[in-house]
Amino acid sequence: MGVIPVNARSVVREPGLFSKNERFVSIIEGAAGLCAVVMVAAVGVGHITASYDPDVATHHPDFSADLVTHKKLTPPVPVDRGAELGIFNLGSTTIIVFESGRVALDERSPGAKTRMGEKLGRILPLA
């Protein structure tokens, strides 16, 4: 099965596209400090499931598209480097946000494809 990314025409044609789509955020604490992984799925056609918690799925009957929900896993669930965080079940964009000054990202061209396991940058030493 191939990955079908959000194309540039869709982004131009549909103002606010990313704010309308489903979003699932995982907060991870590791060597780079706190990191947010934001998974975005096409609203109405796609959904996301969390690989580390089978109770979390955006298509679940208890899930409300109009409601922001939070779930803190206590104790935290360890996730190995490179392990699967979640699954897109149609449509996908992933945004990763790092703490300021903790990561140096490599230069990339706008629209460049990223493959699983590909190096994106490096963790900076603590000052």
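No value in this document is a laboratory result; all are computed from the given coordinates. Computed from a prediction, not measured in an experiment: that's the story for all the values here. Heads up, the Cβs are rebuilt from the backbone with ideal geometry, glycines too, and the neighbour counts pull from every protein chain shown.
Odds and ends about this structure:
- Peptides 48-54, 76-82, 28-34 ranked from most to least packed, by the mean per-residue count of other Cβ atoms within 10 Å: 48-54, 28-34, 76-82.
- For region 95-105, the Karplus equation 6.51 cos²θ - 1.76 cosθ + 1.60, evaluated at θ = phi - 60°, returns couplings of 10, 10, 10, 10, 4, 4, x, 9, 9, 10, 7 Hz by residue, with Gly and Pro reported as x.
- Taking 0.36 nm per residue of sequence separation and removing the Cα-Cα distance, the Arg122/Val79 pair yields an extension gain of 13.6 nm.
- Computed lengthening from Lys72 to Ile96, 0.36 nm per intervening residue step minus Cα-Cα distance: 6.7 nm
- Estimated vicinal HN-Hα couplings, Hz - region 70-82 in sequence order (Karplus 6.51, -1.76, 1.60; Gly, Pro = x): 10, 9, 9, 8, 10, x, x, 8, x, 10, 5, 4, x
- On full extension, the segment bounded by Ile87 and Ile27 gains 20.0 nm, given 0.36 nm per residue less the C-alpha separation.
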